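*Asks:* Have a look at this one before I ask anything.
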Amino acid sequence: MRTTRRQFFIDSMLATVAVAAGCRSGTEIASQAPAYIPTSDRTVVQTLPGIPTTDGAGVRLTRVIGQPALRNLDPFVMLDRFHSDDPSAYIAGFPSHPHRGFETVTVMLDGRMQHRDSLGNSGVIQGGGSQWMTAGRGIIHSEMPVQEQGLMSGFQLWVNLPAKEKMCDPYYQDLGPEQLAESTLSSAGSKVRVISGRPNGLAGPVRERPTQPTLFTLTLEDDQPFALELPDEHVSFAFVYSGEIDFGPEAKTKTKTVRAGNLAVFSPGKRLRMRATNQRSAVLVGAAKPIREPIVQRGPFVMNTEAEIYRAIEDYRNGVLDKA
């Protein structure tokens with residue numbers, strides 16, 4: 001948002017006070033309010049398109065994170081975009097398959113998918129809703145379309161778990177559209193819909209997670225900027241799936257325009273700012289605390305060592321992957 005003249009003078013005054021405080025003794029500083037620290041904006045450090053691939057029983061999709069140009073973005077190990085109104089692109093779905101060691105997140109924009117798993121959970125993920133599933137020590141599930149025609153559109157995101165959590169109990173959250181936190185941002189109808197985290201105080205319904213993830217979709221109907229504060233050390237990305245968006249500080253020399261079908265990866269910083277350029281635009285934004293542990297991924301298993309991968313494969317073959 002553009003800084004007003006009044007805000008400029010207030011900020012300048014606070015900065016002056018902070019400098020003056022730096023000349024006082026340690027005892028004096030401790031008794032004062034925290035010094036003013038200018039907010040640093042995140043900037044785009046990498047952009048890339050996804051690559052076409054297939055998964056499941058032949059579902060056509062675009063792999064964004066997890067491709068050769070971006071194997072992972074700790075703690076995010078995969079991001080897939082699916083979007084088609086051709087039934088042959090999605091009708092075969094994702095029949096029963098195993099997972100261990102991480103969390104799967106489905107963000108449904110349009111369409112309906114039926115989830116079933118080996119723990120007895122079942123639910124329909126519908127347009128505007130989401131699903132957050134912690135595979136933990138192991139789960140076997142399927143996601144199959146509940147439609148024979150029409151648009152199927154959304155995302156599948158994989159979020160890693162730290163070593164101490166990889167063998168935790170599986171957990172499932174079925175989140176209907178009415179359960180996501182939503183806020184209208186402008187008179188033109190711009191909206192934010194929050195799945196996890198608390199961007200600008202709007203709390204998503206996902207329970208507390210080890211990586212402290214923030215995940216939301218944002219639809220911008222005008223050029224009014226949207227900004228949010230993030231922990232400086234959290235990794236962050238944005239995938240533009242409609243229109244085009246400028247990311248970065250208000251100064252034009254530091255912004256980067258990202259068009260639909262592309263991912264932006266950001267530098268560290270305390271604030272992420274975005275603004276639609278000249279058309280209706282939409283974006284998926286994710287941020288989380290990196291785990292900084294070895295990542296060994298083989299198909300549906302994400303562990304820390306090759307030995308743990310072999311154990312997961314054997315457990316699945318022996319029918320005990322999802323057993324305590």
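The values are calculated or read from the model by the stated rules, or taken from the named source; none is laboratory data. Remember, predicted model here, so these are calculated numbers, not experimental data. Because the Cβ atoms are built from the backbone with ideal geometry, glycine has one as well, and the counts that use them run over all protein chains shown. Side chains are part of the model used for accessible areas, which takes the heavy atoms of the whole protein and leaves out ligands, DNA and RNA. Shrake-Rupley method; radii C 1.70, N 1.55, O 1.52, S 1.80 Å.
*Asks:* Going by what's in this entry, would residue 50 be described as within 24 Å of residue 153 (Cα to Cα), modelled with pLDDT of 95 or more, within 24 Å of the chain's Cα centre (by Cα) and open to solvent by less than 90 Å² (accessible area, probe 1.4 Å)?
*Replies:* yes
*Asks:* Read through the list (1) under 22 Å from the mean Cα position of the chain (by Cα); (2) part of a strand (DSSP E or B); (3) crowded, with 17+ Cβ neighbours inside 10 Å, then give the number of the only condition that residue 124 fails.
*Replies:* Residue 124 satisfies every listed condition except (3).
*Asks:* For the range 271-321, enumerate the residues that are modelled with pLDDT under 95 and surrounded by 15 or more Cβ atoms within 10 Å (Cβ to Cβ).
*Replies:* 277
*Asks:* Any idea which residue in the range 56-77 is modelled with the lowest pLDDT, counting only those that are within 16 Å of residue 133 (Cβ to Cβ) and either open to solvent by 10 Å² or more (accessible area, probe 1.4 Å) or not in a strand (DSSP E or B) (or both)?
*Replies:* 56
*Asks:* What strands (runs of 3 or more DSSP E) lie completely within the range 127-192 and have 3 or more residues being small (Gly, Ala, Ser)?
*Replies:* The strands (runs of 3 or more DSSP E) meeting that bar number zero.
*Asks:* Does residue 222 satisfy the criteria of being touching a Ser or Thr at 6+ places or on another chain (Cβ under 7 Å) and open to solvent by 30 Å² or more (accessible area, probe 1.4 Å)?
*Replies:* It is true that residue 222 is touching a Ser or Thr at 6+ places or on another chain (Cβ under 7 Å) and open to solvent by 30 Å² or more (accessible area, probe 1.4 Å).
*Asks:* Filter the strands (runs of 3 or more DSSP E) completely within the range 210-324 down to those with at least 1 residues that are without any contact (Cβ under 8 Å) to a residue 60 or more places away in the chain.
*Replies:* Here the list reads 226-229, 235-242, 244-247, 256-259, 271-276, 296-298.
*Asks:* Here is a further query. Of all the residues that make up the range 162-192, how many are open to solvent by 50 Å² or more (accessible area, probe 1.4 Å), more than 23 Å from residue 73 (Cα to Cα) and either touching a Pro at 6+ places or on another chain (Cβ under 9 Å) or among the acidic types (Asp, Glu) (or both)?
*Replies:* 5
*Asks:* Among 265, 258, which is the only one that is touching an Asp or Glu at 6+ places or on another chain (Cβ under 8 Å) and within 17 Å of residue 65 (Cα to Cα)?
*Replies:* None of the other options fit; the residue is 258.
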